[in-house]
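The values are calculated or read from the model by the stated rules, or taken from the named source; none is laboratory data. Predicted, not measured: the structure shown is a model, and the values here were computed from it. Neighbour counts are summed over all protein chains in view; Cβ atoms, including those assigned to glycine, are modelled from backbone coordinates with ideal geometry.
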Amino acid sequence: MVKYFSMAGFAFKYPRVSHVGNKVSHAKNRTKRKFKYNLHTVTVMVEGVKKRLKVPTKVLRQLKNAGLTTHWIKPDQA
């Protein structure tokens, strides 16, 4: 069963900029670094049309739980 959803109905809310922190060396020297998102390309049915989206893993889990993507299915569920 394929579920359809509208982009307005599902919140793809995550900050567009990565988090900023410090890289700490063994000598405790601190330099700025970025914590980038773990993005995955996912195919989702949006209003009856397949769309490929890049989403972070947190949103990917939300899509899987909602049954809106089959990005990866456990072998025993297939």
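Name the strands (runs of 3 or more DSSP E) wholly within the chain that hold at least 2 residues that are loosely packed, with under 13 Cβ neighbours inside 10 Å, among the aliphatic types (A, V, I, L, M) and modelled with pLDDT of 85 or more? Please lay out each step first, then the result.
Numbers: elements: 19-24, 30-35, 39-46, 49-56.
In the chain, 19-24 are the strands (runs of 3 or more DSSP E) which contain 2 or more residues that are loosely packed, with under 13 Cβ neighbours inside 10 Å, among the aliphatic types (A, V, I, L, M) and modelled with pLDDT of 85 or more.
Out of the residues in the range 41-61 meeting the condition of being within 9 Å of the chain's Cα centre (by Cα) and free of Cβ contacts under 8 Å to residues at least 40 places away in the same chain, tell me which one is nearest to HIS19 (Cα to Cα).
Here the residue is THR57.
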